[in-house]
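One structure is given below, encoded as structure tokens.
Derivation of every value follows stated rules applied to the coordinates shown; laboratory data play no part. Everything numeric in this text was worked out from a predicted model, so none of it was measured. Neighbour counts are summed over all protein chains in view; Cβ atoms, including those assigned to glycine, are modelled from backbone coordinates with ideal geometry.
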Ligand SMILES: *Cc1c(COP(=O)(O)O)cnc(C)c1O
């Protein structure tokens, strides 16, 4: 299936080309212009990895044979995505059982494999991945590419603005994983990555690729766990399903909307943001006004210029998603803390991102509906905030305990493209 550039519709590329190129001309995003028909019931009856391979095959077409996808997904999605019941009418879709304890593992692990497949087919022997992270992408991408021959990974993160444990998960690896602590916020990191892509010479010399949520392979991979969620629900819950997504760059939300377009029974989706509320304000007023990014407890969502939003607009423009199927909510810091405490009183340990989604769901859920909020990260990844909110200590799972005492290998970088260019050229 061909993907078209949303900004330059004449540019149409295959899936693997889109994976390799990342961003299209004029920084346009690649996205399908039409959608396959899938047999939802048959898919729901399959086990997770196998179902995911079938689903991705329907989305991608014959460019990746089903058998190759089954192999890739078997390796990539080796961990579960369980729905944990919280109350009678609310559950948490736990997406943090992968190696770096956040949902970014799903997209990151499939993208790494898709990229290596694209590279093999085009006889490219080396690739440089340049990516910006607001916290969890960095770790997922780093682990997915760690020690892969022919791949160098450069990760930019906003210095001091992500949790210590989040940082330790990717800055302590070394080898082919290079990490840079940028003196700025996430939007500045993202802007630097865009500058890199505008530098044709640099991109050509190093064969640079992005691993951000703009990469279509990540979005497609994320569609799979929405199916996995519904597969675990009762028929009654499936009929009245509302899903609340804690949103930053809006990749996760876009993936849920794609699942709905493919026929998954989702009644409505809620996009929940923290105080970085460009989208909720836009949804009310029609004015796209980007304010300065503010730091919050849910730091992986501290994004004020969400780069997947054009894809949501495109789904609305295609007429496959109706405005009424989506609502938006801003959840402030106080409400976020309240969410963590309320969930704890219900016997469910959470963290600020999930709590944002939970509070938004509580505002919106109607009698008779069943609500899922996405648990996007393991609570221990945000140990300090969670302990401060709840006033009691929480334990570290083994993956975090192992890196907690290690030293960060990250270098410092001014938010300056000329400096970044020097670092990249030194990898040549
Ligand atoms: C990345 C991230 C988000 C936001 O996801 P988007 O797809 O960027 O909207 C939410 N929660 C956590 C824990 C994350 O790491």
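Would you be able to tell me the number of residues in region 199-218 that are crowded, with 24+ Cβ neighbours inside 10 Å and assigned to a helix (DSSP H, G or I)?
Number of matching residues: 3.
I'd like the residue in region 199-229 that is in contact (Cβ under 8 Å) with a residue 24 or more places away in the chain and over 30 Å from residue 282 (Cα atoms) and, out of all such residues, is farthest from the ligand (Cβ to nearest atom).
205
Within region 200-219, can you find the residues that are more than 15 Å from residue 104 (Cβ to Cβ) and touching a helix residue (DSSP H, G or I) at 6+ places or on another chain (Cβ under 7 Å)?
Selection gives 202, 203, 206, 208, 209, 216.
Name the residue, out of 295, 300, that is within 12 Å of the ligand (Cβ to nearest atom) and either assigned to a loop (DSSP other than H, G, I, E, B) or surrounded by 20 or more Cβ atoms within 10 Å (Cβ to Cβ) (or both).
300
Kindly provide the set of residues from region 242-261 that are surrounded by fewer than 22 Cβ atoms within 10 Å (Cβ to Cβ) and in contact with a strand residue (DSSP E or B) (Cβ under 8 Å, 6 or more places away or on another chain), ordered by number.
242
Under the condition of being without any contact (Cβ under 8 Å) to a residue 24 or more places away in the chain and buried (at least 17 other Cβ atoms within 10 Å of the Cβ), which residue from region 328-341 is farthest from residue 313 (Cα to Cα)?
338
Look at residue 384 and say whether it is away from the ligand (no atom under 14 Å from the Cβ), surrounded by fewer than 17 Cβ atoms within 10 Å (Cβ to Cβ) and farther than 18 Å from residue 94 by Cα.
yes
Mind checking which residues of region 233-259 are within 16 Å of the ligand (Cβ to nearest atom) and in a helix (DSSP H, G or I)?
Scanning region 233-259 gives 251, 252, 253, 254, 255, 256, 257, 258, 259.
What's the number of the condition residue 164 fails, among (1) in contact (Cβ under 8 Å) with a residue 60 or more places away in the chain; (2) away from the ligand (no atom under 16 Å from the Cβ); (3) surrounded by fewer than 23 Cβ atoms within 10 Å (Cβ to Cβ); (4) farther than 28 Å from residue 53 by Cβ?
(2)
Would you say residue 280 is within 15 Å of the ligand (Cβ to nearest atom) and out of contact with any helix residue (DSSP H, G or I) (no Cβ under 9 Å at 6 or more places or on another chain)?
Answer is yes for this residue.
If you scan region 174-190, which residues turn out to be within 16 Å of the ligand (Cβ to nearest atom), in a helix (DSSP H, G or I) and over 26 Å from residue 98 (Cα atoms)?
Result: 187, single match.
Tell me the residue from 81, 139 that is closer than 23 Å to residue 197 by Cβ, within 16 Å of the ligand (Cβ to nearest atom) and within 15 Å of the chain's Cα centre (by Cα), please.
139
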